[in-house]
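The structure under discussion is supplied below as structure tokens; questions concerning it will follow.
Just so it is clear, none of the values below were taken in a lab; they were calculated from the coordinates. Fair warning: this is a prediction, and the values are worked out from it, not measured in the lab. Positions of Cβ are backbone-derived with ideal geometry, glycine not excepted, and every protein chain shown enters the neighbour counts.
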Amino acid sequence: MKKAEWFIDKDSENRWIYHKIKKYILSTKTQFQKVDIIETEGFGRIVVLDKKIQSAEKDEFIYHEALVHPAMILHQRPERILILGGGEGATLREVLKHPTVKHTAMIDIDREFVDLCKKYLHGWHMNSFNDPKVQLIIEDAMEYIKKTKSKYDVIIADISDPIEEGPAMLIYTERFYSLVRKALKSDGIFVTHATDIDYTDSKRVCTQVLKAVRKIFPISAFYYEYIPSFDSLWAFAIGSLKHSPANLSVPTLKKRLEARKLGNLSYYDHETHKRMFSIPKCIKRLLHF
């Protein structure tokens, strides 16, 4: 009997998560990162960058709907959207579900990775790259945000985790968030994923991200969701210039979801929105709420 092979997601020095491998789809190194696409028994196809899972076929919709829709639904009419990262195309897919959108610029540093995603991850992008409203720009997110003169209604950061010496190290900083704020319109909204959260560990990246977002934006909000393939609670942070997602009423949420014909989403709705922003006491203490 053939011995089983496992992909080990080394979450920390204290916890390793094992995924049983069915087969390897590809393993390569681009100019910027190591890329593996693996077929697993539990979660179908998974995308791995620099030995860390980015998303999985069976549950990527949870992460991407949680990242995109709270910020998009908070804006009364999001027309111009900027996506930073998001090479798989799933963030783009979710943004384009909003009929108000007229233009989406997607910035990714790694053309080779985007091309691999186009070829191997159709279930993620659903041909979103071919939409005429989409402009794909291959560039470093920091460099783009420093020089852009464009103004956006919503900016979404879907950058890979800040691994030491990786391409994302400079993204999770006050300096970067201050540049993002300048690229927003007067009622603009920014959202970023903020890596995993732990009930007892105040030194996680998510704590530093929320602290930085709070310093830069007049309104900030934190929320989180459980992502099964990560086996983690995953954090998100919103920075807003005028509106708070935690204060959106259920009637307003329902009205906007109905007006945008978003009743067929797989995960996000008005009840999920309210739950994600209901933060338990132990996490409030951790984040100094």
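From the square roots a ≥ b ≥ c of the eigenvalues of the alpha-carbon gyration tensor of segment 105-164, which class results: rounded (a/c under 1.5), prolate (a/b over b/c), or oblate?
Taking the square roots of the gyration eigenvalues as a ≥ b ≥ c, segment 105-164 is oblate.
Let me ask something additional. Give the average over all directions of the projected area of the C-alpha convex hull of segment 62-164, one decimal, in nm².
6.7 nm²
To continue, here is another question. Find which of Val250, Val213, Phe61 sits farthest along the positive direction of the dipole of the chain, computed with +1 on the beta-carbon of Lys and Arg, -1 on that of Asp and Glu, about the Cα centre.
It is Val250.
If you don't mind, there's one more thing I want to ask. With the cut-off at 1.5 for a/c, could you classify segment 175-252 from its C-alpha gyration tensor as rounded, prolate or oblate?
oblate
Which one, Tyr24, Phe113, Val48, is farthest towards the positive end of the dipole of segment 4-116 when Lys and Arg carry +1 and Asp and Glu -1 on their Cβ?
After comparing all options, I get Phe113.
Let me make sure I get this right: for segment 6-56, a, b and c are the square roots of the gyration tensor eigenvalues over alpha carbons, sorted descending. Under 1.5 in a/c it's rounded, otherwise prolate if a/b > b/c, else oblate. Which is it?
Oblate, because a/c is 1.5 or more while a/b does not exceed b/c.
Could you calculate the FRET efficiency of Lys22 with Leu233 from 1/(1 + (r/R0)^6), where r is the beta carbon distance between them and R0 is 30 Å, rounded to 0.05?
Given R0 = 30 Å and the Cβ-Cβ separation, E is 0.65.
So what's the back-of-envelope 222 nm ellipticity for the chain, counting only DSSP H runs of four-plus at -39500 (n - 2.57) apiece and dividing by all residues, rounded to 500?
Calculated from helices alone, the mean residue ellipticity at 222 nm is -8000 deg cm²/dmol.
Next up: Per-residue HN-Hα couplings for segment 106-115, Karplus 6.51 cos²θ - 1.76 cosθ + 1.60 at θ = phi - 60°, whole Hz, x for Gly and Pro?
10, 10, 9, 6, 10, 4, 4, 5, 4, 5
What residue among Phe277, Phe190, Phe236 shows peak mean-square fluctuation when the chain is described by a Gaussian network model with Cα springs under 10 Å?
Phe277
Quick one: Karplus J couplings for segment 247-263, per residue in order, coefficients 6.51, -1.76, 1.60, θ = phi - 60°, nearest Hz, x for Gly and Pro?
So the J values, rounded to whole Hz, are 8, 5, 6, 4, x, 5, 4, 4, 4, 5, 5, 5, 4, 9, 6, 10, x.
Now for a separate question. Let me have the relative contact order for the chain, percent, based on Cα pairs under 8 Å that are six or more residues apart.
15 percent
Then there is this: What is the Cα centroid distance between segment 242-289 and segment 58-74, reported in whole angstrom?
That distance is 11 Å.
To continue, here is another question. How large is the dipole of segment 60-286 about the Cα centre if only Lys and Arg carry +1 and Asp and Glu carry -1, each at its Cβ, rounded to the nearest 20 debye?
It comes to approximately 1340 debye.
Taking amide H atoms as placed 1.01 Å from N in the peptide plane, list the residues 5 or more away in sequence, or in a different chain, whose amide H sits under 5 Å from that of Thr30.
Sorted by chain and number, the residues that satisfy this are Val35.
Give me the percent of DSSP beta bridges within the chain that run antiparallel, rounded to the nearest 5.
Given both bridge residues lie in the chain, the antiparallel proportion sits at roughly 65 percent.
What FRET efficiency comes out for Glu5 versus Thr252 if R0 is 41 angstrom and r is the Cβ-Cβ distance? Round to the nearest 0.05.
Taking R0 as 41 Å, the efficiency between Glu5 and Thr252 is 0.25.
Sort Lys261, Lys52, Lys3, Lys211 so the one with the fewest other Cβ atoms within 10 Å of its own Cβ comes first.
Sorted ascending by nearby Cβ count, the order is Lys3, Lys261, Lys211, Lys52.
For an R0 of 22 angstrom, estimate the FRET efficiency from the Cβ-Cβ distance between Lys102 and His122 and round to the nearest 0.05.
Efficiency for this residue pair is about 0.30.
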